[in-house]
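The values are calculated or read from the model by the stated rules, or taken from the named source; none is laboratory data. Nothing here was measured: the structure is a model prediction, and the numbers come from that model. For neighbour counting, all protein chains shown are included, and Cβ atoms are generated from backbone atoms with ideal geometry for every residue, glycine included.
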Amino acid sequence: MAIRDILLYPEHSDVLTTECDPVETVDDEVRQLVDDLAETMYDAPGIGLAAPQIGVTKRVTVIDVSDPEQPGGDLHVLINPEILETSGTITWEEGCLSFPGLYQEVERSENVTVRATDRDGERYELEAEGILAVAIQHEVDHLDGILFLERMSRLKRRLARKDYKKIRARMAEETNEDVEA
Ligand code: NI
């Protein structure tokens, strides 16, 4: 297992907007990818991470929305996920590890049924609601090269881009100060 670098927007928007390839066989390489994704997600920390965010354009993502204070966690591994059904709407303030510091309200389906393959290569179906449903939709979007900015209204997207520029500029300043100090 290894903690991998998380690719940020906009520097890596080419990879982050690539439609990822399906996994053909869950072999050691794919299991390694799953383990690296999980370790990187928990280290960040975040509640979901998709393979393109560490530079691998394969349809693999991990999600854990459980309380970080709770030991054990509840890791979901989704290889080749397909959303089969959706219902309802929910507005959630989302963040994304590729957009550090940016949190924006996004409207999604409140309930989803997803079919995916797990780390052992077994197909399964999962019915999710609330934050888990939101996370599944956010991560499946990553595998289609769709970033959460694109799920905002035009007005919100424009404001979010401005906010994010400011956040990154401030982060860059802080990093420079650290270097000088
Ligand atoms: Ni994300």
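Taking the range 55-64 as the range and being among the hydrophobic types (A, V, I, L, M, F, W, C) and either surrounded by fewer than 22 Cβ atoms within 10 Å (Cβ to Cβ) or free of Cβ contacts under 8 Å to residues at least 24 places away in the same chain (or both) as the test, only Val56 passes.
Return yes when Val140 is farther than 28 Å from Val30 by Cα, among the β-branched types (Val, Ile, Thr), touching a residue at least 12 places away in the same chain (Cβ under 8 Å) and within 13 Å of the ligand (Cβ to nearest atom) and no when it is not.
Details: farther than 28 Å from Val30 by Cα: no; among the β-branched types (Val, Ile, Thr): yes; touching a residue at least 12 places away in the same chain (Cβ under 8 Å): yes; within 13 Å of the ligand (Cβ to nearest atom): yes.
When the stated conditions are applied, Val140 does not pass them.
Among the strands (runs of 3 or more DSSP E) contained in the range 1-106, which hold 3 or more residues that are modelled with pLDDT of 95 or more and more than 12 Å from the ligand (Cβ to nearest atom)? Break it down into steps so the answer makes sense when it comes.
On the way: elements: 48-50, 60-63, 76-87, 90-94.
Of the strands (runs of 3 or more DSSP E) lying wholly inside the range 1-106, those with at least 3 residues that are modelled with pLDDT of 95 or more and more than 12 Å from the ligand (Cβ to nearest atom) span 76-87, 90-94.
Cβ-Cβ contacts under 7 Å between residues 6 or more apart (or on different chains), taken from a first residue in the range 71-83 that is surrounded by fewer than 17 Cβ atoms within 10 Å (Cβ to Cβ) to a second residue that is in a strand (DSSP E or B) and among the basic types (Lys, Arg), are listed as Glu82/Arg115.
Right, Asp178: in a loop (DSSP other than H, G, I, E, B) and exposed (fewer than 15 other Cβ atoms within 10 Å of the Cβ) or not? When the stated conditions are applied, Asp178 does not pass them.
If you go through the range 99-127 and keep only what is crowded, with 19+ Cβ neighbours inside 10 Å and over 30 Å from Pro10 (Cβ atoms), you end up with just Thr117.
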